[in-house]
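K.L.:
If you scroll down you'll find the structure; I have some questions about it.
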Amino acid sequence: MISIDPKKNTERENYKLLTGSIIPRPIAFVTTKSEQGVLNGAPFSYFNIVSANPPMISLAIQRSKGYLKDTARHIQYQGQFVVHIVDEDNVSQVNETAATLPVTESEIERANFTVIDSHCINVPGVKEAKVRMECRLVQTIPLLNGDEQTGDLFIGEVVQFHLDDAIYCEGKIDPRALKAVSRLAGSSYAKIGDFFEIERPI
């Protein structure tokens, strides 16, 4: 077994170890609104569930040379954001939004997404996602490397769920119908594979 001290690695080396081993990772496609009212969209795979009571999710966004990325800045400004689950049908469009654009340009327009209004917040979502969650910011936690802030962990409460009729039945989401995709390392993604069940011990 190889043992590696992360303090002796570069950031990129640690990134490769993390993204290569913590797989598969769910992908959040996040829409936010700038101070100028421009709708921003970007994918993030440092994303997961925090709590079901109340329903909360986490989203970690790394800083670029100490500066907030657009999504992080908009979340702090608005206190609101929409999380969409990336699936086989929309992953190519989502990938288009990963391009680096000026803050005055909308990734949503670039990827030809259909904008749809939210019910409880002022940030719209996109119609092409089978799962859409309207979120209000609950807490921001700084991520530090010594004295340097290298990222931000956002905790958001889901205030409204939107689910495609085709994936929802009797209170449950059909994973086969959702067809969520996950992030691996590099340019690799994965589809939902074989299903199996293991009963929990009593």
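K.L.:
Condition first: hydrophobic (A, V, I, L, M, F, W, C), in contact with a helix residue (DSSP H, G or I) (Cβ under 7 Å, 6 or more places away or on another chain), within 22 Å of Arg132 (Cα to Cα) and assigned to a strand (DSSP E or B). Can you find one or more residues in the range 24-35 that meet it?
P.N.:
yes
K.L.:
Inside the range 188-202, can you point out the residues that are in contact with a helix residue (DSSP H, G or I) (Cβ under 8 Å, 6 or more places away or on another chain) and at pLDDT 95 or above?
P.N.:
Scanning the range 188-202 gives a single hit, Tyr189.
K.L.:
I need a count of the residues in the range 169-187 that are touching a helix residue (DSSP H, G or I) at 6+ places or on another chain (Cβ under 6 Å) and of a type in the set (Gly, Ala, Ser).
P.N.:
Looking only at that region, the number is 2.
K.L.:
Just give me the residues in the range 125-151 being in a loop (DSSP other than H, G, I, E, B), open to solvent by 20 Å² or more (accessible area, probe 1.4 Å) and either in contact with a strand residue (DSSP E or B) (Cβ under 9 Å, 6 or more places away or on another chain) or not acidic (Asp, Glu) (or both), in sequence order.
P.N.:
Listed by number, the residues that qualify are Lys127, Glu128, Lys130, Gly146.
K.L.:
Just give me the residues in the range 88-105 being within 23 Å of Arg136 (Cα to Cα) and crowded, with 20+ Cβ neighbours inside 10 Å, in sequence order.
P.N.:
Val94, Thr97
K.L.:
Now for a separate question. Where residues in the range 61-86 are in contact (Cβ under 8 Å) with a residue 40 or more places away in the chain, closer than 16 Å to Ala98 by Cα and assigned to a strand (DSSP E or B), which of them is most open to solvent (accessible area, probe 1.4 Å)?
P.N.:
Gln62
For every residue, the table says whether it meets (1) touching a strand residue (DSSP E or B) at 6+ places or on another chain (Cβ under 9 Å); (2) open to solvent by 80 Å² or more (accessible area, probe 1.4 Å).
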| position | (1), (2) |
| --- | --- |
| Asn14 | no, no |
| Thr19 | yes, no |
| Pro26 | yes, no |
| Thr31 | yes, no |
| Gly41 | yes, no |
| Asn53 | no, yes |
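K.L.:
Okay, next question. Quick one: which residue in Ile121, Ile108 is touching a Pro at 6+ places or on another chain (Cβ under 9 Å), outside any strand (DSSP E or B) and open to solvent by less than 20 Å² (accessible area, probe 1.4 Å)?
P.N.:
Ile108
K.L.:
Can you say whether Lys179 is open to solvent by 60 Å² or more (accessible area, probe 1.4 Å) and touching a residue at least 24 places away in the same chain (Cβ under 8 Å), as far as the supplied structure shows?
P.N.:
When the stated conditions are applied, Lys179 passes them.
K.L.:
Next question, about the same structure. Identify all residues within the range 87-101 that are without any contact (Cβ under 8 Å) to a residue 60 or more places away in the chain and over 19 Å from Ile75 (Cβ atoms); write none if there are none.
P.N.:
Here is the first cut: in the range 87-101, the residues without any contact (Cβ under 8 Å) to a residue 60 or more places away in the chain are 92-93, 95-96, 98-101.
Hits for the range 87-101 are Ser92, Gln93, Asn95, Glu96, Ala99.
K.L.:
Going through the range 152-176 one residue at a time, which ones are free of Cβ contacts under 8 Å to residues at least 24 places away in the same chain and either loosely packed, with under 15 Cβ neighbours inside 10 Å or within 16 Å of the chain's Cα centre (by Cα) (or both)?
P.N.:
Hits for the range 152-176 are Asp165, Cys169, Glu170, Gly171, Lys172, Asp174, Pro175, Arg176.
K.L.:
Can you say whether Glu35 is touching a residue at least 24 places away in the same chain (Cβ under 8 Å), more than 19 Å from the chain's Cα centre (by Cα) and over 16 Å from Leu153 (Cβ atoms), as far as the supplied structure shows?
P.N.:
yes
The values are calculated or read from the model by the stated rules, or taken from the named source; none is laboratory data. Not measured: the values here are computed from a predicted model. For neighbour counting, all protein chains shown are included, and Cβ atoms are generated from backbone atoms with ideal geometry for every residue, glycine included. The area values use the complete protein model at the heavy-atom level, side chains included, leaving out ligands, DNA and RNA. Shrake-Rupley method; radii C 1.70, N 1.55, O 1.52, S 1.80 Å.
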